[in-house]
Structures are given as C-alpha cells and as structure tokens.
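Novice: Could you have a look at this structure, given as structure tokens, before my questions?
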Amino acid sequence: MEVHHHPTVEKKNFKEYFLEFLMIFLAVTLGFFAEQIRENFVEHHLEKQYIQSLYEDLQTDTARLAFVINQDNRKMNAFENLSKCYDTVLKNLSDGNCMEELIKYSRYNLNFEATDRTIQQLANAGGYRLLSKEDADSIILYEGLIKTYHNFESTLFQEAQDNVRNTLNSLLAFEANEQLMANETRGQSSLIFSTNTTLLNKCFNEFLLYQKVTKTQIDLLTRINTKGKRLIGYYKNKHHLE
C-alpha cells in the first residue's frame, strides 16, 4: 500500500499577516482617496460650468433690462404733463392732442423675462450643493428679486394696464383710435368720442395710477439690473471669467 505524504505548509508568522493586512488596507485607502479626488475634480469642473453659464445669462439679462428700463423711462417722460393735459382737455374736449403720447405709452408694456436656463439647472440637478455658500446665496437673492418683479407685474401693474385700455376704448372715437393704432396722422378727426367728463376724469385717474405703477416697475427692474451687474463683476473677479 502506498503512503501519500501531504506537503508541509509553513505557518505564517504574525509579521507576515500584518504586512498582508497593511498592503490590503493601503490599497483600499488609496483607492478611496483616488475616487474622492476624481469626484472633487468632476464637481469643481461642473461648478465652473455653472458659474460660466450664469455669467453669460446675467450679461443677457442686464442688456435686456437696460432696454426695458429705457422704454419705461420714455413712458414717464410722456406722463410729465399729465395735469396740464387734463386741464386742457377738460376746457375743450375737441383739443385732445396732448393725450396722444399718453395713449401711445399706456397701451403696451415690455415685459422682462430673465434667462433662467442656469438657475433651472441648478435647482433641478441639485447643482447648488456644488457652489460655495456665498455664490449660492447671491443667486438665490437675484432670483428672489425677479420673482418680486413678476408678482408685481402680473398683479398691480397688469390691473392698471387693463383699466387704462378699457376706459380708453369707451372714451376714444373709433376713427381717431384706428389712426392712432396705425400710427397715422389724425387730421381733423376728433380724438374723444364721449362728452362724459366723468369718464374723462376716470381716464386721467387711471393714467395717474399707471404712471405710479410704471415708476414702481422701473425701481424693481433697476434693483435687478444693479444686482445683475454686481454679480457679473463678482463672478468675473472670483472665477477669472472673460
């Protein structure tokens, strides 16, 4: 009968076990740190992309804001002679020439819509966590100013706008109104259709309210524009943007 001899297995001493454990531990630790470094690099790259995109959005916004504010200031200039015009028309209803500028600038409104592509991405993709607290807070404050403006524009301003338009439709003669809408010269046609001075008084009261809400709208838009310009300078200096 053959006798099989099993190979002798040397027992490892404590030092060898410790070295194996240490190598495994170091490999896992290094892998963990490598992953952390990779994630930090990716997140820093995303942060730069968000800031660059927001920087471009702010440039678009401030250019648009400057245009809208300029148009609203032209409205305010047209309303400077509101009281004088009222006295003139009240004395002679056929002398409504001074109302033409008031009608022209109270019939329309240029609405400001912010370029919110980056803000939407930050909110939907959880991008705010990638930004510094200072950066995130500045964006949230800017967005808050825009929301305040839109709430005002869609309520108080829109109501004043609608009231002016509705009263003018009752007050103005069709032929003259048609020519005004087409930016044509009225010729000898009378501007005012109704001889109702109560309606005329109502119209000028609504002009007055429209003047006040336009001034408030300018103030709100100017605050947004000022904040936007400050953010452009802040991001340009902090993140070295062009």
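A short reminder: the numbers here are calculations on the coordinates, not readings from a lab. Values in this document were obtained by computation on a predicted structure and should not be read as measured data. Don't worry about glycine lacking a Cβ; one is built from the backbone with ideal geometry, like all the others, and counts go over all protein chains shown.
Novice: Within 10 Å of each residue's Cβ, count the other Cβ atoms and sort Ile24, Ile232, Ile119 from fewest upward.
Specialist: Ile24, Ile232, Ile119
Novice: I need to check one value: relative contact order of the range 113-236, counting alpha carbon pairs closer than 8 Å and at least 6 residues apart, in percent.
Specialist: Worked out over the range 113-236, it gives 31 percent.
Novice: How many percent of Cα pairs in the range 107-241 exceed 25 Å?
Specialist: More than 25 Å apart: 49 percent of the Cα pairs in the range 107-241.
Novice: Same structure again: Within 10 Å of each residue's Cβ, count the other Cβ atoms and sort Phe207, Phe174, Phe152 from fewest upward.
Specialist: In increasing order of surrounding Cβ atoms, one gets Phe174, Phe152, Phe207.
Novice: Please arrange Asp135, Asp87 by how many other C-beta atoms lie within 10 Å of their C-beta, fewest to most.
Specialist: Asp87, Asp135
Novice: Just to confirm the filter: which GluC sites (Glu not before Pro) across the range 140-241 are DSSP coil and have at most 13 other Cβ within 10 angstrom of their Cβ?
Specialist: Glu184
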